[in-house]
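Below is one structure; the comments refer to it alone.
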Amino acid sequence: MNKMPQKIAFHTFGCKLNFAETSTIARSFTERGYEKVESKELADLFVINTCTVTDNAEKKCKTLIKQARKHNPDIKIALVGCYAQLRPDDTSLLEGVDFVLGNEEKFKLVEHVEQAYDNCYTVAGDINTSKVFSPSYSLGDRTRSFLKIQDGCDYFCTFCAIPFARGRSRSDSIENLLEQARSIAAQGTKELILTGVNIGTFGEKSGSSLFELLKELEKVEGIERIRISSIEPNLLTDEIIHLVHASKVIMPHFHIPLQSGSDKILSQMKRKYPREVFANRVLKIKELMPHACVAADVIIGFPGELDEDFRHTYDFIDGLPVSYLHVFTYSDRPEAKSSRFTHKVQGKVKKERSDRLHLLGEKKARLFHKENFDSQRSVLWEATKSKGFLHGFTDNYIQIKTPYNPERINKIEPIVLNNLDENGEFLIPFAL
């Protein structure tokens, strides 16, 4: 009989929500006396929290498994999360994988390990019927924490497999989230990032709302910054925008998924809005907060996307004051309806369109930096040291760097954005 694991390593693929959940799973081990290690080479058990939003995410997971086994042949590997949930039979057959736990079961990984460490197995229940909300938040980063407020999605966009991996939309209560926020603040963490699958639907089934949650979180002592992660344009209400405008705590930083600037493609994606709704939200934000950062997600190469559709997307984004882009290349997800659509876009065409949108995104980011040049903003310095520099983000999400000084970590300081280095990054060259 093998000995129980003493050292556990973790790796997270995918979204901020996954990072919050990995941190929670890791705490369930350390609270029972296990040692969390950063290197998979030193670990007895390697836990991989998986992603399935693209086929590339799954390929990266398989590569990591091979690397882990190569460097540490005796290591046991647990796959948990979305990839494990959607394809439990396939993942359990991957060489070197010992445990496969779906999205509901992964929070009991420590119990599974203690009960059956020598008997590897797969558990992935029917997430579609789940009404369980598993609270999660990240700790360990002194400056910021990801707080899970919502899980699952009822939208079923034709390109997306996440509702099949995460189940229907469900939320935590405001009371529970306030208690978690106070626990996070007690650790000295200053910034809270609200995460979920579709956070704009927070509280819909219990009579509360994201707006009400934000108002209450503003009052938590010790939390000096709150960021809203990705929120659907049709769910970004005027009252939320006005609240951010009036708030000293909620950051002027919006992440709004567009996905396409063609109404034809939006309809085929089963998105809940025409492109005018997205434009209205961006212009409303910029009217009230000209300095605000507005990021957009875009998918290129959706089945049936013609040159004309792509041109509509490009011109639409080019004409809006968007600050930067996240560009995704469409890939079939077997569970998603669009995988059965005809008129697939060729790989070469998808690459050309992706390259063009990446260039547009770089242009938008440069313009946003130019618009903020000579302005005074506040920056929260993070703990990461890179090439002799300390980095941080302004309230409106511009990355800043300064020569490394550990005394500034986790401090919020006023700075003037008036010095760009040779790479186009804002540099504060002296101690404040």
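Every number in this text was worked out from the coordinates using simple rules, so none of it is lab data. These numbers were taken from a predicted model, which means no experiment stands behind them. FYI the Cβ positions are ideal-geometry reconstructions off the backbone, even for glycines, and counts take in every protein chain you see.
Things to note:
- Chymotrypsin sites (Phe, Trp or Tyr not before Pro) within segment 388-432, DSSP loop, no more than 13 other Cβ atoms inside 10 Å: 430
- Theoretical ellipticity at 222 nm over the chain - DSSP helices of four or more residues, -39500 (n - 2.57) apiece, nearest 500: -10000 deg cm²/dmol
- Cleavage-rule hits (trypsin sites (Lys or Arg not before Pro)) in segment 237-323: DSSP loop, at most 10 neighbouring Cβ within 10 angstrom: 248
- Using the alpha carbons alone, the radius of gyration of the chain stands to its Kirkwood radius in an Rg to Rh ratio of 0.96.
- The label point for residue 405 and the one for residue 234, both projected 7 Å from the Cα toward the Cβ, are 5.0 nm apart.
- For segment 144-372, the convex hull spanned by the alpha carbon atoms encloses 123 Å³ per residue.
- Taking 298, 220, 123 and counting other C-beta atoms within 10 Å, the order from fewest to most: 123, 220, 298
- Take the Cα of residue 38, go 7 Å toward its beta carbon, and the backbone nitrogen atoms of segment 367-392 under 20 Å from that spot belong to 381-392.
- Between 351, 16, 106, the GNM of the chain built on Cα springs shorter than 10 angstrom shows 351 fluctuating the most.
- Applying 1/(1 + (r/R0)^6) with r as the Cβ-Cβ distance of residue 62 and residue 297 and R0 = 25 angstrom yields a FRET efficiency of 0.50.
- With neighbours defined as other Cβ atoms within 10 Å of a residue's Cβ, the residues 353, 227, 32 order from fewest to most as 32, 227, 353.
- On the basis of the beta-carbon distance and an R0 of 56 Å, residue 30 and residue 362 show a calculated FRET efficiency of 0.85.
- Once the C-beta distance of residue 118 and residue 187 is scaled by a Förster radius of 35 Å, the resulting FRET efficiency is 0.45 to the nearest 0.05.
- Translational D in µm²/s for segment 66-126 (Stokes-Einstein at 20 °C, 1.002 mPa s, Kirkwood Rh from C-alpha pairs): 184 µm²/s
- On full extension, the segment bounded by residue 378 and residue 247 gains 45.7 nm, given 0.36 nm per residue less the C-alpha separation.
- Between residue 339 and residue 420, the distance separating the two model label sites (each 7 Å from Cα on the Cα→Cβ line) works out to 4.4 nm.
- Relative pair counts by distance (%), Cα atoms of segment 1-148, 10 Å bins: 12, 45, 37, 7, 0
- Legend: distances between Cα atoms for 286/387; 108/401; 264/286; 387/411; 62/148; 7/411; pairs beyond 31 Å are 286/387; 108/401; 7/411.
- Rel. contact order, % - alpha carbon contacts under 8 angstrom, at least six apart, the chain: 10 percent
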